[in-house]
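Just below is one structure, and these are the notes that go with it.
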Amino acid sequence: MLTLLHRDLRLALRAGGGFGQALGFYLIVATLVPLGVGPDRATLAPTAPGILWLGALLACLLSLDRVFALDREDGTLDGLVPAPLPLEAAATAKAAAHWLTTALPLVVVAPGLGLLLSLPAQAMPWLAAALLAGTPALSWIGTFGAALTVGLKRGSLLLSLLVLPLYVPTLVFGADAVRRAAQGLDPAQPLLLTAAISLGCVALLPFATAAALRINLR
Amino acid sequence: MEWGCHDLTCRRGEAVVLERVTLALRAGEAIVLRGPNGSGKTTLLRTLAGLTPPVAGTVGFGADLVAYGGHADGLKDQLTVSENLRVWADLYGTGRDGAERAAAAYDLAPLAERRAADLSAGQRRRASLARMVATGRPVWLLDEPTVSLDAAQVARFAAAVRAHLEAGGAAVIATHIDLGLGAVREVDVSAFAARRAVAVAHDPFAEAVE
Amino acid sequence: MSLSDRIWAWANPRKFMALSGAILPWAWGLAALCLGVGLIWGFAFTPDDFRMGSSVKIIYVHVPTAFIAINAWFMMLLASLVWLVRRHHVSALAARAAAPVGLVMTVAALATGAIWGKPMWGTYWAWDPRLTSFLILALFYVGYIALWEAVESPDAAADLTSVLCLVGSVFAVLSRYAAQFWNQGLHQGASLSLDAEENVADVFWQPLVLTLVGFGALFVALVLQRTRTEIRVRRLHSLKARARAEAPA
């Protein structure tokens, strides 16, 4: 499992691996939104938690179609099935690699983007905490979606269609935690719910992901 | 050691294409699968590898015995040859030792630090075949292994297979050319083509529905 | 043959066609009768509500479509489980057949709700938890249908959509609670429950039960009809495949 994780991290960091693209996308979203809705702090600050969450969610989504597609094309998935590693563990490794290379950088830069969107200072640590708690759910759900659509030639739009409804609870709780923090309320409850969804996804979704992979490899 | 499959019925997509496939494979033995395109060689290999579940019958290879080398080469462009082999060796638990044996078997040392993207088609194929050595698995299932190999490299491949057989391994190889393996058992897959009755028996919509 | 064997035997395509063919006219008839009587009764012969005026009468469409919208998903979940466990093709096809019906019912519930919402709440749309949940349910239906359409191999499509249906069900429930948590809403509580007197008065209640039965029968009829079509499509594929196999090469 560590082998696979290590390999994916190395691939992401090598030239052409696409590392940082999601980060760039996140930055652009956070820049374009004020250009669209106007520079007024009074309108930006209340929408900032939602925009930052939505941007992170879309940035995660954009990199999902390559999670399994490349491994299928070059025959790596065929080689993984007879390997001693259970496919469920392989699915976990792929999701973890996606989280480390795509989602974790978003968490790191999010407070900086919060400044751009006039998010109140007291909400910054909670923004990072909520994203840290919620992005594993995004990666694991996304990996499941990628496994469902891995056999399809033009699957990336379908992938968004399948994955986005599954993102709803994470988005609701995660953004609510940041919103509460921005309003000076206690964000602990939605934050814990976000973390609970992530833990549930990490524990259970690899089984569904592996099942979908097996079906698509037949 | 003896492996094989018994009375196997195989499916490609929804269609049943092979039936009554019984193969016995002893340690040190290789079977060459023959048959025209579309006769089910790939289907049989994928079923033996556990990728496609059989419709009926049993595959006598435990999943931890086989290594499957298909049309795709299983190499990552951005990694060097030695890194690629090391990944496969680690995945199958043979580690540095396995990767080194694999590189030696196909004389890949001169290419070791080359990125897979910079290899020629024939060199890629060699690196891909070396993965089989890296897995350390006794039963190799190879689908058209000699595509884009020149005559000298086909001979090298044959030597690698012979060494594998002498070490107590076995192989099932689908190919059209003469590999020069010496005395091998040739099996014509088209002999197992599913009869219409069998195809119908496994099609739930074969009988008139109303 | 045990009882359960006898029940499962109906999952054979041929037997299912015979059974559904026999049920279908009755289902259509029951739907027409209940909907005809229930809707005319409800629209023309019930008094206006003292608070809501005549707009209350939209419940005869709104409540049954909402009821079917949710239960169609349950039916798909059940059919998906049967497919995954017992590999009955008819079950998978029934799940496929139910999805578009469920989607239409969801959209109908949302549309009638919007029409009702305008005079009552002064707005067609509010981000009320129930409304939001239904919108999300519609998205789940769209994704499920899109996956069926996208996968070429019918058995793989059945497997993949079944897995999606299982996972989606969990997330649909989570979304429901998330929406509730997110915004305590305007929507009244359930219109129908066992202690119905405190929810809806008897005069409204009786035609509502009729339309509920009517929409239920309509759902059964539509799903059976669509499942029959799907079975015929599969039969056609099977015949074509055989013709291809037997054609001289």
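The values are calculated or read from the model by the stated rules, or taken from the named source; none is laboratory data. As the structure is a prediction and not an experimental result, all values here were calculated from the model. Cβ: placed from backbone, ideal geometry, glycine included. Neighbour counts: every protein chain shown. Calculation scope for accessible area: heavy atoms of the full protein, side chains included, ligands and nucleic acids excluded. Shrake-Rupley method; radii C 1.70, N 1.55, O 1.52, S 1.80 Å.
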Checking residue B:53 against (1) over 17 Å from residue A:81 (Cβ atoms); (2) open to solvent by 40 Å² or more (accessible area, probe 1.4 Å); (3) out of contact with any Cys (no Cβ under 7 Å at 6 or more places or on another chain), only one condition comes out false. Which one?
(1)
When you check residue A:207 against the structure, is it surrounded by fewer than 19 Cβ atoms within 10 Å (Cβ to Cβ), aromatic (Phe, Trp, Tyr) and either facing another protein chain (nearest Cβ under 8 Å) or in a helix (DSSP H, G or I) (or both), yes or no?
yes
Identify, by number, the condition in (1) farther than 24 Å from residue B:40 by Cα; (2) open to solvent by 10 Å² or more (accessible area, probe 1.4 Å); (3) part of a helix (DSSP H, G or I) that residue B:190 doesn't meet.
(1)
Would you mention how many residues in segment B:160-202 are free of Cβ contacts under 8 Å to residues at least 60 places away in the same chain and among the basic types (Lys, Arg)?
2
Name the residue that is surrounded by the most Cβ atoms within 10 Å (Cβ to Cβ), counting only residues in segment B:7-37 that are of a type in the set (A, V, I, L, M, F, W, C) and within 14 Å of another protein chain (Cβ to nearest Cβ).
B:10
Kindly list, by first and then second residue, each pair from a residue in segment A:96-110 that is open to solvent by less than 50 Å² (accessible area, probe 1.4 Å) to a residue that is modelled with pLDDT under 90 and polar (S, T, N, Q), limited to pairs with Cβ atoms under 6 Å and residues at least 6 apart or on different chains.
A:102/A:63
Test for residue B:109: is it under 25 Å from residue A:68 (Cβ atoms) and of a type in the set (A, V, I, L, M, F, W, C)
no
Could you grab me the full set of residues in segment B:38-85 that are outside any helix (DSSP H, G or I) and of a type in the set (Ser, Thr, Tyr)?
B:39, B:52, B:58, B:68, B:80
Picking from C:135, C:147, which residue would you name as being without any contact (Cβ under 8 Å) to a residue 60 or more places away in the chain and open to solvent by less than 10 Å² (accessible area, probe 1.4 Å)?
C:147
Could you say which residue among A:132, A:171, A:199, A:162 is in contact with a Gly (Cβ under 9 Å, 6 or more places away or on another chain), under 30 Å from residue C:183 (Cα atoms) and either more than 7 Å from every other protein chain (Cβ to nearest Cβ) or surrounded by fewer than 24 Cβ atoms within 10 Å (Cβ to Cβ) (or both)?
A:171
Look at residue C:9 and say whether it is exposed (fewer than 14 other Cβ atoms within 10 Å of the Cβ), without any contact (Cβ under 8 Å) to a residue 12 or more places away in the chain, more than 20 Å from the chain's Cα centre (by Cα) and closer than 22 Å to residue B:201 by Cα.
yes
Of all residues in segment C:166-185 being surrounded by 15 or more Cβ atoms within 10 Å (Cβ to Cβ) and over 22 Å from the mean Cα position of the chain (by Cα), the one that is modelled with the highest pLDDT:
C:178
I'm told residue B:4 meets every condition in (1) at the interface with another protein chain (Cβ under 9 Å from one of its Cβ atoms); (2) outside any loop (DSSP other than H, G, I, E, B) except one. Can you identify the failing condition by its number?
(1)
Complete set of residues in segment B:1-55 that are within 27 Å of residue B:164 (Cα to Cα), among the hydroxyl-bearing types (Ser, Thr, Tyr) and in contact (Cβ under 8 Å) with a residue 60 or more places away in the chain
B:42
Failed condition for residue B:134, given (1) within 25 Å of residue B:37 (Cα to Cα); (2) open to solvent by less than 10 Å² (accessible area, probe 1.4 Å); (3) not basic (Lys, Arg), with all others met?
(1)
Are any residues in segment C:83-117 out of contact with any helix residue (DSSP H, G or I) (no Cβ under 7 Å at 6 or more places or on another chain) and within 19 Å of residue C:71 (Cβ to Cβ), and if so, which ones?
C:104, C:111
